[in-house]
Amino acid sequence: MTSATERYIVPGMVCRNCADTVTEALTALDGVREVLVDLDAGEIAIEATTHVAPETVQRALDAVGYAATPNPSPQPDPS
Amino acid sequence: MTNINRTGGSGERLAEMHADPARFIRDFYEGISHAILSNDSDADVVDRFHTPDMVQVADGVTMDRDRLIAHMRPVRKGLSRSRVEVHEAIAADDAVAARLTIHAELNRQVIVTDAHFFGRFAVDGRLRSAHQFTKTRKQATA
């Protein structure tokens, strides 16, 4: 199974409830396997079995009040 | 409810804070919720209750004015009601420490959040800085 990781900046996401809301909205999309949330950075990484169009992600997040901007630069590996 | 007024600089708000810090904190939180539910603009809500250089750290996540404004939109979209219980609070100089519980109905869920709040306020009653530690202890479908 192939997978893709897409990263987004979500500046309005600041707390655990935000993380839960964002995760719930995105895991409802076809192909999304996991959503990793970095509250400190205000970023998310979406792991999906296929490419999920940015418009689809932005529409799903807009429905729960969050703006999202694609963030093509991956986070540096801390290891 | 305490009227937080951005132009008030006489120290009356700090006097109210010292007289009844629990009420001051309750009114602060409930005032923000009321403003959100009243359809005031996101920036207006933030600026009415926070100084422009505000910094808030909640569970290690730092928010400045811009980030707090960005956070207003999802809160506005999901919030249908909220109330705050302040269990205890003390004030000294421009600072308040309080232990409180926020009961909110957000995205059709009841969210109960216990918070330990340590904040500093300007003379007009707006928040300048805060550190909060929170724990969401119950969630149920509203």
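Scanning segment A:1-48 for residues that are among the polar types (S, T, N, Q) and either farther than 26 Å from B:Ala104 by Cβ or assigned to a strand (DSSP E or B) (or both) returns A:Thr2, A:Ser3, A:Thr5.
Against the numbered list (1) surrounded by 15 or more Cβ atoms within 10 Å (Cβ to Cβ); (2) within 14 Å of chain A (Cβ to nearest Cβ), B:Arg108 comes up short only at (1).
Any residue at all in segment B:55-74 that's outside any helix (DSSP H, G or I), more than 8 Å from every other protein chain (Cβ to nearest Cβ) and open to solvent by less than 60 Å² (accessible area, probe 1.4 Å)? Yes. Across segment A:19-37, the qualifying residues are those that are within 14 Å of another protein chain (Cβ to nearest Cβ) and exposed (fewer than 15 other Cβ atoms within 10 Å of the Cβ), and the one among them that is farthest from B:Thr136 (Cα to Cα) is A:Ala28.
Might you let me know whether segment B:80-96 holds any residue that is over 30 Å from B:Ala15 (Cα atoms) and either open to solvent by less than 30 Å² (accessible area, probe 1.4 Å) or in a strand (DSSP E or B) (or both)? Yes: one or more hits. Of B:Ser38, B:Ser80, all but one fail to be of a type in the set (Gly, Ala, Ser) and free of Cβ contacts under 8 Å to residues at least 24 places away in the same chain; the exception is B:Ser38.
The values are calculated or read from the model by the stated rules, or taken from the named source; none is laboratory data. The model shown is predicted, which means the values in this text are computed figures rather than measured ones. Neighbour counts are summed over all protein chains in view; Cβ atoms, including those assigned to glycine, are modelled from backbone coordinates with ideal geometry. Quick note on the areas: whole protein, heavy atoms, side chains included, nothing else; ligands and nucleic acids left out. Shrake-Rupley method; radii C 1.70, N 1.55, O 1.52, S 1.80 Å.
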